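Asks: One structure follows; several queries about it will come next.
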Amino acid sequence: MTINTNNQMTLWRATAYLKTAMQSVVRLAILLTLPMTLPAQRKDQAMPQNPVYCRTVKVDGLNIFYREAGTKDAPVILLLHGLPSSSRMFEPLFARLGERYHLIAPDYPGFGHSDWPDPAQYSYIFDHIATTMTHFTEALGVTKYTLYMQDYGGPVGFRMVLSHPERVQSLIVQDAVAHNEGLGAKWATRRAFWADRPAHEEALRENLLALAATKTRHVGDDPNTELYDPDLWTDEFNFLNSPGQAQIQSDLFYDYRTNVDAYPTWQAWMQKNQPRLLVIWGKHDLSFDLGEPERYRKDVPKAEVHVLDAGHFALDTKADEIAELVNKFMQGQR
């Protein structure tokens, strides 16, 4: 008996198809016996009840970008960032405290996602930025807040305190100086820049804006460099190399000398008013002198002072600890 080759191929294909179909049926039967869990239903992937909103508001003719989380009736913490950061530096606190407090973190003019007006149109001095930030709070209708000040947030925040002390319920200072002695060894080049700007402009930009300087601001002398995400300083360095930034940052830093002149006034206000004060400091910070936290305690003896195993941007590595300290401090808010 001879079997046609075409019939053989047809039989083989039919058998293969039937085998594949049976395997699919078996797989489906097994899947139907398993509990069905959709990714969107997993608890660890649930949407937060109080998400972070990225918003913009018009202030003094400028678009001011800010991050906001929490309910309107919760205690307000106004978070003021440093150099060369932005409201982004506070993302770790938003993730940990956003459901307990009303967190508001703006970008200054010339920083982050806020407008970068030309220096010929907007004077980059701390008085001007503090005024814009005051108008920012008014635009949002915020009349009572705790000020969280990091680095440049100190000069901006203390100006806001002195202009409207009735609005400030308490102060949180993270690596921000209010005493001349608090400026570290790196400030020799910076003081020379203040004394003669044209002669020291190039040296100042290298000292303040170079990649090595940007990295050192984060890592300092912390031996545990593997704890730091390199994106922290490479992103900031790219920001500093954007068109116009060198001039903006040089202008603002030239005005930093006015902060040194104002330190005694800030100290006198603290000594007289004895505000509720939490001081958080990174012991690996090479930007400022490590004795600065205790100088705050000298002005405000009841201040809470915590020196952490962290750098200038202590939230880089100690976000959990800082969030716990802030939460405990805020519990005592009247």
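Asks: Search region 67-100 for residues being in contact (Cβ under 8 Å) with a residue 40 or more places away in the chain and assigned to a strand (DSSP E or B), and hand back the single one that is farthest from D151 (Cα to Cα).
Replies: In this case the residue turns out to be V76.
Asks: While we're on this one: Quickly run through region 301-330 and pick out the residues that are among the acidic types (D, E) and within 21 Å of Q274 (Cα to Cα).
Replies: E304
Asks: Looking at V142, V57, which is the one that is part of a loop (DSSP other than H, G, I, E, B), modelled with pLDDT of 95 or more and surrounded by fewer than 19 Cβ atoms within 10 Å (Cβ to Cβ)?
Replies: Residue meeting the stated conditions: V142.
Asks: Considering only residues of region 258-269 that are touching a residue at least 12 places away in the same chain (Cβ under 8 Å) and surrounded by fewer than 16 Cβ atoms within 10 Å (Cβ to Cβ), which is farthest from the chain's Cα centre (by Cα)?
Replies: T265
Asks: Checking the structure you have, find out if any residue of region 280-293 is surrounded by 16 or more Cβ atoms within 10 Å (Cβ to Cβ) and in a helix (DSSP H, G or I).
Replies: Scanning region 280-293, I find at least one residue that is surrounded by 16 or more Cβ atoms within 10 Å (Cβ to Cβ) and in a helix (DSSP H, G or I), so the answer is yes.
Asks: Being closer than 24 Å to D115 by Cα, modelled with pLDDT of 95 or more and charged (D, E, K, R) narrows it down to one of D196, D175, D231, so name that one.
Replies: Sole residue among the options that is closer than 24 Å to D115 by Cα, modelled with pLDDT of 95 or more and charged (D, E, K, R): D231.
Asks: Please give the number of the condition H135 fails out of (1) surrounded by fewer than 17 Cβ atoms within 10 Å (Cβ to Cβ); (2) out of contact with any strand residue (DSSP E or B) (no Cβ under 8 Å at 6 or more places or on another chain).
Replies: (2)
Asks: A further question on this structure: Looking at region 257-279 only, could you name the residues that are part of a helix (DSSP H, G or I) and touching a Phe, Trp or Tyr at 6+ places or on another chain (Cβ under 6 Å)?
Replies: R257, W266 - these are the residues of region 257-279 that are part of a helix (DSSP H, G or I) and touching a Phe, Trp or Tyr at 6+ places or on another chain (Cβ under 6 Å).
For every residue, the table says whether it meets (1) among the β-branched types (V, I, T); (2) over 22 Å from H312 (Cα atoms).
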| site | (1), (2) |
| --- | --- |
| L183 | no, no |
| L211 | no, no |
| T225 | yes, no |
| P243 | no, yes |
| Q249 | no, no |
| L252 | no, no |
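Asks: Here is a follow-up. Within region 156-200, which residues are farther than 24 Å from Q271 by Cβ, among the basic types (K, R) and crowded, with 17+ Cβ neighbours inside 10 Å?
Replies: R190 - this is the single residue of region 156-200 that is farther than 24 Å from Q271 by Cβ, among the basic types (K, R) and crowded, with 17+ Cβ neighbours inside 10 Å.
Asks: Return the residues of region 145-201 that are part of a loop (DSSP other than H, G, I, E, B) and touching a His at 6+ places or on another chain (Cβ under 8 Å); say none if nothing qualifies.
Replies: Passing the criteria: D151, Y152, D175.
The values are calculated or read from the model by the stated rules, or taken from the named source; none is laboratory data. What you see is a predicted model; the values in this text were computed from it and never measured. Cβ coordinates were reconstructed from backbone atoms using ideal geometry, including for glycine residues, and neighbour counts include every protein chain displayed.
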